[in-house]
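Asks: I'd like to ask you about the structure that follows.
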Amino acid sequence: MARITAGVGCSHVPAIGVAMDTGITDQPYWQPVFEGFRKSRVWMKEQNPDVIFMVYNDHCTAFDASCIPTFALGCAAEFQPADEGWGPRPVPVVKNHQKLASHIAQSLVLDEFDITIMNEMEVDHGLTVPLSVMYGDVGPGEEWPALVIPLCVNVVQYPAPTGNRCFQLGKAIRRAIENFDEDLDVMIFGTGGMSHQLQYKRAGLINPEWDMRFLDMVVDDPVAASQIPHVEYLREAGSEGVEMVMWHVMRGALNHEVTEVHRHYHVPASNTAVGHIILENRI
Amino acid sequence: MHQEVQIPTMEKDYEDIPGTFVFDADRSREGYHLNQFCISLRLQANRDAFNADEKGYLDKYPMSCEQREAVLKREWNRLLELGGNIYYTSKLAANDGINFQNLAGLMTGMGVQAYRDMMLAGGRAIEGNRYKSEWEED
């Protein structure tokens, strides 16, 4: 049977992808950002998951304002990296485990999570930057080491789904994966954050104390973390910080007891606090 | 464990955050055509067409006169006031060669270098920036 082995929380700042794509990761500005992922890349090689279930948000790339699904599951055979306005990232096409994805889609709806099914979709930095930071440089002619099932969460138009809803969805995703009759190691990623505000006069807001408390809660008291109201994210972690609700999907899919294998936090990457955590299920 | 479901009301508990527009259903409705214009610039062919004839290109989008003016004048904060969302307006900025960080430098009125320096020093602190009552303006 398929199983969830570990969870990864990870920012997906577009400038991190640009830094990798333009080969400037050794510059003093970027070096500390990437230093924190060195251990993660070794760990990824050791873990070598068959499939990554990637919870991320689309940044008005695959979805414009005409259609705004709260949860959209990628069920296509593959997903092309999108042109987000400055050309597509030079990274491989993202390939799906299509059979598992369609099983999860079917299972989730019967489990009363009425997701949208995407049979055509381009993917943006929200999905490809976490792959890049965890795997290192992988060129467009190569392949990502794992298959990837994308789950897009609306965090652009208020309100995003509640933390509780995301947490419960994580549990349903786990139920679906554990009922899939193929021997697969599946890793789940929750991406986005941490504190940041990209817009208007309060742009640049960073709240490291709040971010640290969030990380601690996600590890040790995930139910309480999932109850944080939207207004707290908006006020304390910045208007774009609300995307951290996606971490609760990841956390909900793990055991209540987890082992924190690695944590990394750095300010700034462009406008954003970079946060990263690796959690293994405690057996 | 399920939380007690709150009955949604018309109250907006996020309207007292200073220097911030929460892109909710009301703003989304108001900014729809503006945002659809911005997102069209994701594609090179559309960027070329817009850059060749901005006014002609904008005629395809039934936005308000105020929104149209703000686009043509690149009034970044005005675009947000009129229902624009940063993930959309950033496409217009990208077309002009302005990245997220430099756009923030413009929106905050700090200028690009001062804003970049603030971020390097740890960003804008939360103290004094939680409530509109803590700001003299806004």
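Any read-out appearing in this document is the output of simple, stated calculations on the displayed coordinates, not a laboratory observation. No experiment lies behind these values; they were computed from the predicted model shown. Neighbour counts run over all protein chains shown; Cβ positions are idealised from the backbone, glycine included.
Asks: Over all directions, what mean area does the Cα convex hull of segment B:22-98 project, stated in square nanometres?
Replies: Over all viewing directions, segment B:22-98 projects a mean Cα-hull area of 4.5 nm².
Asks: Another one. Given the Cα-Cα distance of A:E178 and A:V109 and 0.36 nm per residue of separation, how much length would full extension add, in nm?
Replies: Answer, rounded to one decimal: 23.2 nm.
Asks: Output ³J(HN,Hα) for segment A:61-66: one whole-Hz value per residue in order, computed from phi by the Karplus curve 6.51 cos²θ - 1.76 cosθ + 1.60 with θ = phi - 60°, and x for Gly and Pro.
Replies: Once θ is set to phi - 60°, the couplings for segment A:61-66 become 10, 6, 10, 8, 6, 6 Hz.
Asks: Also, I was wondering about something else. Work out the mean other chain Cβ neighbour count within 10 Å for the residues of A:28-41 and drop it here as an integer.
Replies: Whole-number average of other-chain Cβ neighbours for A:28-41 is 0.
Asks: Evaluate the distance, in nm, between pseudo-label points positioned 7 Å from the Cα of A:N281 and of B:A49 along their respective Cα→Cβ axes.
Replies: The two pseudo-label positions are separated by 5.0 nm.
Asks: Can you give the Kirkwood hydrodynamic radius for segment A:72-172, in Å, rounded to one decimal and based on Cα pairs?
Replies: Details: mean 1/r = 0.0681 Å⁻¹.
After inverting the pairwise mean of 1/r, the radius is 14.7 Å.
Asks: Just the number, please: Stokes-Einstein D of segment A:1-145 in µm²/s, Kirkwood Rh from C-alpha pairs, 4 °C, 1.567 mPa s.
Replies: Estimated via Stokes-Einstein, D reaches 79 µm²/s.
Asks: Towards the positive end of the charge dipole of segment A:3-281, with charges on Cβ (+1 Lys, Arg; -1 Asp, Glu), say which of A:A101, A:G126, A:S239 has the farthest Cα.
Replies: Of A:A101, A:G126, A:S239, it is A:S239.
Asks: Continuing with this model, one more query. Helix-derived [θ] at 222 nm for chain A: sum -39500 (n - 2.57) over DSSP H runs of at least 4, divide by residue count, nearest 500?
Replies: Values: 10 runs with 96 residues, N = 283.
Result for chain A, helices only: -10000 deg cm²/dmol.
Asks: Hey, any idea what the orientation-averaged projected area of the convex hull of chain B's Cα atoms comes to, in nm²?
Replies: About 11.8 nm², averaged over all directions.
Asks: Within 10 Å of each Cβ of A:263-273, how many other protein chain Cβ atoms are there on average?
Replies: What the average comes to for A:263-273 is 4.
Asks: Oh, and also: Please state the charge dipole magnitude for the protein assembly as shown, taken about the Cα centre, from unit charges on C-beta atoms (+1 on K and R, -1 on D and E), reported in debye and rounded to the nearest 20.
Replies: Computed about the Cα centre, the dipole is about 360 debye.
Asks: Could you go through segment A:7-16 in sequence order and give the Karplus-derived ³J(HN,Hα) for each residue, using 6.51 cos²θ - 1.76 cosθ + 1.60 with θ = phi - 60°, rounded to whole Hz, and x for Gly and Pro?
Replies: Values, residue by residue: x, 10, x, 6, 5, 10, 3, x, 5, 5 Hz.
Asks: If you filter segment B:5-53 for trypsin sites (Lys or Arg not before Pro), then keep DSSP loop positions with at most 16 other Cβ within 10 Å, what is left?
Replies: The qualifying sites are B:K12.
Asks: While we're looking at this one, here's another question. Please give the contour-minus-distance gain from A:E142 to A:D216: 0.36 nm per residue of separation, less the Cα-Cα distance, rounded to one decimal in nm.
Replies: 23.0 nm
Asks: What ³J(HN,Hα) values, in whole Hz, does the Karplus curve 6.51 cos²θ - 1.76 cosθ + 1.60 give for segment B:66-73 when θ = phi - 60°, with x put for Gly and Pro?
Replies: So the J values, rounded to whole Hz, are 5, 5, 4, 4, 5, 5, 5, 8.
Asks: If I model a spin label at A:Q31 and A:D185 as a point 7 Å from the Cα along the Cα→Cβ vector, what separation in nanometres do I get?
Replies: Calculated label separation equals 3.3 nm.
Asks: At what distance in nm do the modelled label points of A:K171 and A:K95 sit from each other, each positioned 7 Å from its Cα along Cα→Cβ?
Replies: 3.6
Asks: Report, ordered by chain and residue number, the lysines lying within cross-link reach of B:K132, taken as a straight Cα distance under 23 Å and ignoring same-chain residues fewer than 8 apart.
Replies: A:K201, B:K12
Asks: Which far-off residues, 5 or more places away or on another chain, put their amide H under 5 Å from the one on B:R124, with H placed in the peptide plane?
Replies: Amide H to amide H, under 5 Å and 5 or more residues apart or across chains, B:R124 pairs with A:L205, A:I206.
Asks: Which order do peptides A:240-247, A:72-79 fall in by mean Cβ count within 10 Å, highest first?
Replies: Listed from highest to lowest mean packing, they are A:240-247, A:72-79.
Asks: Mind running the shape call on chain A? Use the C-alpha gyration tensor, a ≥ b ≥ c as the square roots of the eigenvalues: rounded below 1.5 for a/c, prolate if a/b tops b/c, oblate otherwise.
Replies: rounded
Asks: Follow-up. Mind listing the long-range amide H neighbours of A:F53? Cut-off is under 5 Å, sequence gap 5 or more, other chains count too, H placed in the peptide plane at 1.01 Å from N.
Replies: A:I149, A:M187, A:I188, A:F189
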